[in-house]
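The values are calculated or read from the model by the stated rules, or taken from the named source; none is laboratory data. Since we're looking at a predicted model, the values are computed, not measured. Positions of Cβ are backbone-derived with ideal geometry, glycine not excepted, and every protein chain shown enters the neighbour counts.
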Amino acid sequence: MAAYNNEDIVRYVDEDMLPGEREQFEAALQEDAALSAAVAQYRALRSTLSARLQPDEQVKLLKTKLEELRPKHFGKEPAKVVSMKKYFIAAGAAAAVLAGVLLFRYSHDTDYMGSYGNIEMQVSAERGNNADSLLQSAALYFNEKAYTKVIPLLDAYLKTDSSSQTALYYRGVAATHTNAVAAGLVDLEKVYDGESVFKYDAAFYIALYYAQQQKHKEAFTWLEKIPADASVAAKAAALEKELK
Amino acid sequence: MMIHPDQRYLDGLLKNDTRLVQEIYERFAGKIKYYILQNQGTEDDAADIFQESIIDVYNQAKYKDLQLTCPFEPFFLLVCKRKWLNEIKKRGRQPVTKKLDDLYDVGEDVFAAAEQVVQEEAQTGLFLAQFERLGDKCKEILRSTLTGEAQEKIAETLGVTYGYLRKKKSECMATLLSYIQAQKI
């Protein structure tokens, strides 16, 4: 690359070289990996600047929207379990808006499971081993609501990885849709007792199960375990409001 | 490869779809907050990483025609995680061992898509930061010449000759390139 500097690279890519000079440069490109890399880098730079130096009104609007939503989902308070009454005060308008959206969608509907229980099992394991294949098959059946087919697959998966909270959670949910409800609730309680990201999803699902059974007291008990900053908090608030 | 139905998230971001942006916050903010709080971060860090990741995904969809062939959730959470690990590294801290893989059994396509977003947006950030180091004249010339407008017309608008404009543009770009090379990306 010693024979050429950055200005030469710019002139070459921008087609400002005379034909003879260009041919020599291209011959050098074939031989010189560093020069070739520098040309590729300049092409990337040029392409990026061409796109990103132009004003983008859309991204400004998006940033404004994100700023508006930020305080609703990332408060200043440390994460902790609070009662739902406290939650309503703390979450204020944000939760009210979200709950309103959900209630609008689900108003006058006592099929709580149908309203709030549509969970999609998302896994994307593609490492090709047998355990991953089990999880993927389970997800396919789960998302088709073929719950009885899900359970043996997740049983087998849990034999290979008994600590998988993902498998335990989805097995628990699936079981509540079969005649193995008690076992499902045990799975979900185990997930709640753990510290995985499914902890409060499990609590919510247990609450939902009891709500569907018209066991409101038990449902409230589980809803109260869900902190205001949990990802299911808005759904929990909406369900609680419906139950009251 | 088949486009995943979750492409709707990218399309929604491009259309500034309020309901969809709310859905992204509602579904994923809690998980990211939990992860970052468990990994040496604060709630503000989590909020920043979450917002930046959304913008990065938007930019890749808009300028690189990113198309999702995997579910959005593991992809997006992995983008956030990679950005947070980069941030921890920048702050000179040792990354800890809490894994986002606990959330999902992440496939290669998810890794590839997330890595592309993080790497390319980091590179873009570097390019734009180095661009800002140039003098005002250089910035003006580069902004103008990269619009695709005829250079003769740009030269006239800027009050310089066509030859000067071409020469100056090459010099400014070469300077910018040297700034970037000095950053050792």
Kindly establish whether A:SER231 is within 14 Å of another protein chain (Cβ to nearest Cβ), surrounded by fewer than 22 Cβ atoms within 10 Å (Cβ to Cβ) and either in a helix (DSSP H, G or I) or of a type in the set (Ser, Thr, Tyr) (or both). no
Condition met for B:PHE72 (surrounded by 21 or more Cβ atoms within 10 Å (Cβ to Cβ) and either more than 18 Å from A:LEU62 (Cβ to Cβ) or more than 10 Å from chain A (Cβ to nearest Cβ) (or both)): no
Restricting attention to the stretch A:49-74, and to residues there that are of a type in the set (Asp, Glu) and either within 30 Å of A:ASP14 (Cα to Cα) or in the same structural domain as A:ALA228 (by TED's automatic domain parsing) (or both), which single residue is surrounded by the most Cβ atoms within 10 Å (Cβ to Cβ)? A:ASP56
Taking the stretch A:2-33 and the residues there that are over 27 Å from B:LYS139 (Cα atoms) and in contact (Cβ under 8 Å) with a residue 24 or more places away in the chain, the one that is nearest to the chain's Cα centre (by Cα) would be A:ASP32
Any residue in the stretch A:182-196 that is within 14 Å of another protein chain (Cβ to nearest Cβ) and free of Cβ contacts under 8 Å to residues at least 24 places away in the same chain? yes
Can B:SER144 be described as within 18 Å of A:ALA51 (Cβ to Cβ), within 12 Å of chain A (Cβ to nearest Cβ) and surrounded by 16 or more Cβ atoms within 10 Å (Cβ to Cβ)? yes
Which of the residues that make up the stretch B:32-57 are in a helix (DSSP H, G or I) and of a type in the set (Ser, Thr, Tyr)? B:TYR34, B:TYR35, B:SER53
Considering the stretch B:1-22, residues that are among the hydrophobic types (A, V, I, L, M, F, W, C) and surrounded by fewer than 17 Cβ atoms within 10 Å (Cβ to Cβ), and then whichever is nearest to the other protein chains (Cβ to nearest Cβ), we arrive at B:LEU14
For the stretch A:176-213, give me the residue count where each residue is under 18 Å from the mean Cα position of the chain (by Cα) and not in a helix (DSSP H, G or I). 4
Going through the stretch A:31-66 one residue at a time, which ones are more than 23 Å from B:GLU132 (Cβ to Cβ) and outside any helix (DSSP H, G or I)? A:ASP32
For the list (1) facing chain B (nearest Cβ under 10 Å); (2) on the phi > 0 side of the Ramachandran plot, I need the number of the one condition that A:GLU15 fails. (1)
Within the stretch B:23-50, which residues are facing another protein chain (nearest Cβ under 8 Å), touching a helix residue (DSSP H, G or I) at 6+ places or on another chain (Cβ under 7 Å) and crowded, with 20+ Cβ neighbours inside 10 Å? B:TYR25, B:GLU26, B:PHE28, B:ALA29, B:LYS31, B:LYS33, B:TYR35, B:ALA46, B:ALA47, B:PHE50
